[in-house]
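Reviewing the structure listed below.
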Protein chains: 2
Amino acid sequence: MSHNFAIATSVTRVDTSQGDGAASFHAEVHEGWDILGNTNGGYLMAMAARAMSEVAERPPLTLTAHYLSPGSVGAHRIEVGTVRAGRRLATMTGSLVNATTGREVIRLLGTFGGRGESPDYRAGNPPEIPPYDECNVDRDGDDPDAQPVPELQRRLAVRLAPGSTGFRSGDPRGVAEVSGWFDFADGQPIDEFGLLLASDSFPPAVFNSGLPVSWVPTVELTVHIRGLPVAGPLAVIFRTRFVSGGVLEEDGEVWDSAGNLVAQSRQLALTPRPA
Amino acid sequence: MSHNFAIATSVTRVDTSQGDGAASFHAEVHEGWDILGNTNGGYLMAMAARAMSEVAERPPLTLTAHYLSPGSVGAHRIEVGTVRAGRRLATMTGSLVNATTGREVIRLLGTFGGRGESPDYRAGNPPEIPPYDECNVDRDGDDPDAQPVPELQRRLAVRLAPGSTGFRSGDPRGVAEVSGWFDFADGQPIDEFGLLLASDSFPPAVFNSGLPVSWVPTVELTVHIRGLPVAGPLAVIFRTRFVSGGVLEEDGEVWDSAGNLVAQSRQLALTPRPA
């Protein structure tokens, strides 16, 4: 068991004999990266992305994962396929399968490759979050009915903005938004794979809406990597604007401490009624 | 050649003997659904989605397409696979291949299934667009250097908002946004597949930014179907908030004429410099 993200999401190629850009990997889902026993979706995506990236020989640019069954601790197999490898971009498939149960956990499709040069345009700014030291460590409160803080948060040095924590004590502010700072507890640098984790690492924004929603299983998560962050914690904001027909979208923006946008995410999740 | 969207995106199952939820389809890309000779990306996505939906026996809920090579008129093959078919949702793969060249055009991954019940929450409104009859038919202007109006627009009854057409005459308003009304020219009703087309049917929002960007090839497009529209034209808005590192995102919202959100889209596109 490792609390180091790079180790806990490492993958080992087990079959280099396949042609056509296909390859198999072994990976071990570590303890301590879960939400109430279910392994975090960003962690699973990052693990699969490492295998896909190794075959693509390029970092992720846009990656989509569909969540099929809950992730759990133990041995997994990752199957990678190459759809098309061009000069600049490579499009890859991935599949993460629980080696014990044989059940597929996530299926992925992504395009990998370096970013290039372009004129810049920006019609948005980093979220306004109080300085890191003035934000809240996300700890369990005294209220036994409050939302428990997931084990995952103990791996991370997440600090939620003061306006984002109301749901933990049964006092959501009525706006489906959550923001704060993301970092690793052990201070390791954040690369593209860390950005994938950051894109799925906060409590669901809908928890602050005031709606009776307590469980938000992800159907699909897409992350666009927009840059590599400079050192320091990331400013992260997630917003849900529409809950309807049993589903919601959650949009994430991840900014580095120099004010550069480094990732955008969107997920579609289900909103089952509380039991 | 058909100008009827349902006919022009129809698919025919050619192999029903495959097990494991796999199937092959024949499809014909029709003339007249292109942008300067390249078949529209939403059209290609809708065509593949029809095949995936037929095997899933459910409508699309969230669908991601990665664009591999330009689409062109003629015979195509669609390969569909079933990743997981559950009670409510089915996750499917798709691949659209040009039958003449053998080149894969798009690869898809999506989850299909009905929407359900939930409490509603809404932190956004339909775009403010003047009434349909007061908006502009998107026709070629008198300026020979202006962006030409794609052939696709002659299949559609799109009306751009007055503030969205500046780029055609070399006078972009400096905000990467384009909005207007979407409908089919022949008045056919808009179903889930029509919503996929609507999500990729407008001139790129970045054309109104004032940046020197003249060509915006899509890498990946994800569409969430949020509802079936009531009769009447759709109010559509696309926004690009960040252009950097040679890529941009474009976010789309599609609303029906009763003010219901019916689709959300996001694409990642390249921003090559003009030659």
Computed on Cα atoms only, the convex hull of the protein assembly as shown has an orientation-averaged projected area in nm² of 24.5
So, for the Cα atoms of region B:1-54, Rg and Dmax in Å stand at 12.4, 40
Diffusion coefficient, µm² s⁻¹, Stokes-Einstein with Kirkwood Rh over alpha-carbon pairs of chain A at 25 °C and 0.890 mPa s:
129
Considering every pair of different Cα atoms, what Kirkwood radius, in Å, is found for region B:132-270?
15.2
Under 10 Å, Cα contacts only: if you run a Gaussian network model on chain A, which one of A:THR100, A:THR222, A:THR240 comes out with the highest mean-square fluctuation?
A:THR100
Considering only DSSP states other than H, G, I, E and B, which GluC sites (Glu not before Pro) in region A:1-63 qualify as loop sites with at most 11 other Cβ atoms within 10 Å?
A:GLU57
Environment charge at B:ASP15 (Cβ cut-off 11 Å; Lys +1, Arg +1, Asp -1, Glu -1)
+1
When the charge dipole of chain A is computed with +1 on Lys and Arg Cβ and -1 on Asp and Glu Cβ about the Cα centre, the Cα farthest towards its positive end, among A:THR271, A:THR64, A:PRO130, belongs to A:THR64
Which is farthest toward the positive dipole end of the protein assembly as shown among B:GLY114, A:ALA161, B:PHE207, measuring Cα position about the Cα centre, with Cβ charges +1 (Lys, Arg) and -1 (Asp, Glu)?
B:GLY114
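DSSP loop (so not H, G, I, E, B), at most 11 other Cβ within 10 Å: list which trypsin sites (Lys or Arg not before Pro) in region A:1-98 pass both filters.
Sparse-neighbourhood loop trypsin sites (Lys or Arg not before Pro): A:ARG87.
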Taking every pair of alpha-carbon atoms in region A:5-113, what share in percent sits in each 5 Å bin, from 0 to the bin with the longest distance?
2, 14, 26, 25, 18, 9, 4, 1, 0
Could you please report the charge total around B:ALA269, scoring K, R as +1 and D, E as -1 over all other residues with beta-carbon less than 10 angstrom from its beta-carbon?
-3
Neighbour-count ranking for B:ILE7, B:ILE225 (other C-beta within 10 angstrom, fewest to most) reads B:ILE7, B:ILE225
Per-residue Cβ contact counts at 10 Å, fewest first, order B:SER169, B:SER265 as B:SER169, B:SER265
Among B:THR91, B:THR9, B:VAL80 - extreme Cα towards positive end, dipole of region B:5-113, charges at beta-carbon:
B:THR91
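Just to confirm a number: summing +1 for Lys and Arg and -1 for Asp and Glu over residues other than A:HIS3 whose beta-carbon lies under 12 angstrom from that of A:HIS3, what do you get?
In short, -1.
Readers should treat all values here as calculations from the given coordinates under stated rules, not as data from a laboratory. In this text, all values refer to a predicted model and were calculated from it rather than measured experimentally. Cβ sites come from the backbone with ideal geometry, for glycine too, and all protein chains shown count toward neighbours.
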